1. Computed from these coordinates, which is mean projected area of the Cα convex hull in nm²: (i) 16.2; (ii) 11.9; (iii) 9.3?
2. Amide H of Leu8: which non-local residues (sequence gap of 5 or more, or other chain) have their own amide H closer than 5 Å, using H built in the peptide plane?
3. Apply the Karplus parameterisation 6.51 cos²θ - 1.76 cosθ + 1.60, with θ equal to phi minus 60°, to every residue of region 94-102 and state each ³J(HN,Hα) to the nearest whole Hz, in sequence, with x for glycine and proline.
4. Can you tell me the convex hull volume per residue for region 117-185, based on C-alpha atoms, in Å³ to the nearest whole number?
5. Expressed as an acute angle from 0 to 90° and rounded to the nearest 10, what is the orientation of the C-alpha long axis of helix 45-59 relative to the principal long axis of the chain?
6. Taking Lys94 as the anchor, which lysines have their alpha carbon closer than 19 Å to its alpha carbon, excluding any fewer than eight residues away along the same chain?
7. Could you pull out every one of the aspartates and glutamates with an alpha carbon less than 18 Å from that of Lys145, ignoring same-chain neighbours closer than 8 positions?
8. Measuring from centroid to centroid over Cα atoms, what is the spacing of region 21-41 and region 55-131 in Å?
Amino acid sequence: MGKPVLHLNGHYDVVPVGVGWTVDPFAGTVRDGMLFGRGASDMKGGVASMIMTAIVLKRFGINLKGSLFFSAVPDEETGGAAGTGYLVGKGYGKADMAIVPEPDKLDMVTIGYRGAQWVEITSHGKAAHGGMPHLGVNAVEKMAKVIMRLQNLKRRFEGKVSQSPIIPVESRHATLNIGTIQGGF
């Protein structure tokens with residue numbers, strides 16, 4: 001690949017459907033000139049723009065001063081290990097710059113990203129009948145204590161700000177998000 005390398009990267013997975021849909025979320029319904037469907041903006045619209053960019057470059061014979069690397073990956077919504085993480089781990093797509101057309105705000109381009117760290121925490125207990133909880137150990141209650149400590153850590157994180165030139169400035173602030181919780185049977 002010639003240098004510099006421009007990487008166009010997007011994902012085609014979506015978060016679960018959720019409630020409140022007024023159209024079939026998997027039909028791709030066009031209404032009032034807008035497309036409605038699961039993942040239409042996050043991020044099938046971005047992947048479509050990447051495809052059109054490659055088509056336009058080819059069709060009009062536009063030669064880049066370097067190379068274009070294109071990737072559409074499967075698991076951005078669940079951590080990225082099998083998608084972009086896999087590409088990076090295997091040494092594919094080493095780029096000098098990247099464009100990720102992830103939707104944010106319609107009237108601005110976001111520059112930079114502060115990064116992410118996914119952590120899985122497991123607590124173990126001992127099952128017992130609901131009428132005799134004293135015979136068991138409640139793993140959910142143990143995890144509640146962990147969550148309270150994480151909340152204290154979250155307050156410490158909120159004061160940390162990346163020194164990278166990330167735009168918008170609000171995206172420079174560190175965050176801590178407690179996501180999926182499963183427990184009990």
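Here, each number is a calculation from the coordinates, and none is a lab measurement. Just so you know, these numbers come straight off a predicted model, no measurement behind them. Every residue, glycine as well, gets a Cβ built from its backbone with ideal geometry; the counts of neighbours run over all protein chains shown.
1. (i)
2. Under 5 Å from the amide H of Leu8 lie the amide H atoms of Phe69, Phe70, Ser71, Ile99, each far enough along the sequence or on another chain.
3. Listing the rounded values in order: 4, 10, 8, 7, 9, 10, 10, x, 5 Hz.
4. 97 Å³
5. So the inclination is approximately 20 degrees.
6. Partners within reach: Lys3, Lys65.
7. By straight Cα distance, Lys145 reaches Glu120.
8. Between the Cα centre of region 21-41 and that of region 55-131, the gap is 24 Å.
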